[in-house]
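A.B. asks: The structure under discussion is supplied below as structure tokens; questions concerning it will follow.
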Amino acid sequence: MFKLYFTALRGLAVKETNRYLRIWIQTLVPPVITTSLYFIIFGNLIGERIGEMGGFSYMEFIVPGLIMMSVITSSYSNVSSSFFSQKFQKNIEELLIAPVPTHIIIWGFVIGGLGRSILVGIMVTIISLFFVPLHVYSWGIVILTLLMTSILFSLAGLLNGIFAQSFDDVSIVPTFVLQPLTYLGGVFFAISMLPPFWQVVSKLNPIVYMISGFRYGFLGVMDIPILFSILISITFVIALYGVNWYLIEKGRGLRS
């Protein structure tokens, strides 16, 4: 039985991986170009006027946030668009009637989002080396935060794909929810710089905890205690996984 499940997981994961690799110009290159522009505009041009932040140059400070921003966007968009495309083409019904556990379906899509986001993250990190030297305070925290964030937003993208009824629905959440939360999540500034009221408001944004944890892994500075950031990420992963499992298991919005 384990061998059958592993074969099913491998097949779905390979299919998802081949999907974004076949169109790599659309899936891997754009976030790298966009982030490079952030490096040039905010890092080189504006950063020189801002000076140091947290004991590091402004460019060094924003690099972890920009990497995390590209990871979040890539993992979310990969799974949401892939799942909805299969639902739109009625291919998802083949998975639902196949003797494949719901956990396998979820992880098959998550692995696709995880792979794409890690590739994009590595490419953005390489680009950043042309602007700043690489600082890594804790590789363990960097890898853990990267994996947790990729899994979390892959699950969030899957949830979007389940509820979406049209291709427009797939783009609504990234445009009006995900992108604003990311920009307000501490990518370009330290939460400690904000007035007390806005610090409290910012801490309602879950992306703040992920960017803070990732920045700690690189620079050793943080706005939120690292253990709390990891705990928040784990909590959201468990919650989203449970919701996705329930919806797919019951066929909510999937069965015609």
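The values are calculated or read from the model by the stated rules, or taken from the named source; none is laboratory data. In this text the structure is predicted, and so the values were computed from the model without any measurement. As a convention, Cβ positions derive from the backbone with ideal geometry for all residues, glycine included, and neighbour counts pool all protein chains shown. Ligands, DNA and RNA are stripped out before the accessible areas are found, and what is left, the full protein with its side chains, is counted by its heavy atoms. Shrake-Rupley method; radii C 1.70, N 1.55, O 1.52, S 1.80 Å.
A.B. asks: Any idea what diffusion coefficient the stretch 46-164 gets from Stokes-Einstein, in µm²/s, Kirkwood Rh on alpha carbon pairs, 4 °C, 1.567 mPa s?
C.D. replies: Result for D is 81 µm²/s.
A.B. asks: Using a probe radius of 1.4 Å on heavy atoms only, what accessible surface per residue do you get for the stretch 65-179? Whole Å² is fine.
C.D. replies: 42
A.B. asks: Moving on to the next point. Around Ala13, what is the net charge, scoring Lys/Arg as +1 and Asp/Glu as -1 over all other residues with Cβ under 13 Å from its Cβ?
C.D. replies: +3
A.B. asks: Find, to one decimal place in angstroms, the Kirkwood hydrodynamic radius of the chain, where the mean of 1/r is taken over every pair of different Cα atoms and then inverted.
C.D. replies: By the Kirkwood definition, the hydrodynamic radius is 18.9 Å.
A.B. asks: Same structure, new question: Among Gly54, Gly185, Gly65, determine the one that fluctuates most according to a GNM of the chain built with springs between C-alpha atoms less than 10 Å apart.
C.D. replies: Maximum among the listed residues: Gly54.
A.B. asks: Cβ under 11 Å from Gly112's Cβ, Gly112 left aside: what net charge do those residues give with Lys, Arg +1 and Asp, Glu -1?
C.D. replies: Charge balance in the 11 Å sphere: +2.
A.B. asks: Any idea what % of Cα-Cα pairs in the stretch 184-256 are farther than 16 Å?
C.D. replies: Summing the P(r) tail past 16 Å for the stretch 184-256 gives 56 percent.
A.B. asks: Looking at the stretch 41-96, which trypsin sites (Lys or Arg not before Pro) are in a loop (DSSP not H, G, I, E or B) and have at most 13 other Cβ atoms within 10 Å?
C.D. replies: Lys90
A.B. asks: Okay, next question. Return the carbon/sulfur percentage of the accessible area of the chain, one whole number, probe 1.4 Å, all protein chains in place.
C.D. replies: For the chain, the apolar C and S fraction of the accessible surface comes to 71 percent.
A.B. asks: Scanning the chain for helices, which whole DSSP H stretches are 27 Å or more long along the axis (Cα) and average 1.6 or more by Kyte-Doolittle?
C.D. replies: 102-128, 139-163, 226-250
A.B. asks: In the stretch 107-256, if every C-alpha pair distance is counted and binned at 5 Å from zero, what percent goes to each bin?
C.D. replies: Here the calculated profile for the stretch 107-256 is 2, 9, 15, 20, 21, 15, 10, 6, 3, 1, 0.
A.B. asks: Starting from the Cα of Met1, step 7 Å toward the Cβ, then list every residue of the stretch 74-113 with an amide N under 19 Å from that point.
C.D. replies: 97-107
A.B. asks: Tell me, rounded to the nearest percent, the portion of alpha carbon pairs in the stretch 1-102 spaced more than 22 Å apart.
C.D. replies: The share of Cα pairs beyond 22 Å in the stretch 1-102 comes to 51 percent.
A.B. asks: Right, another one. For the stretch 164-218, what class follows from the C-alpha gyration tensor (a ≥ b ≥ c being the square roots of its eigenvalues): rounded when a/c is under 1.5, otherwise prolate if a/b is larger than b/c, else oblate?
C.D. replies: Cα axes put the stretch 164-218 in the prolate bin.
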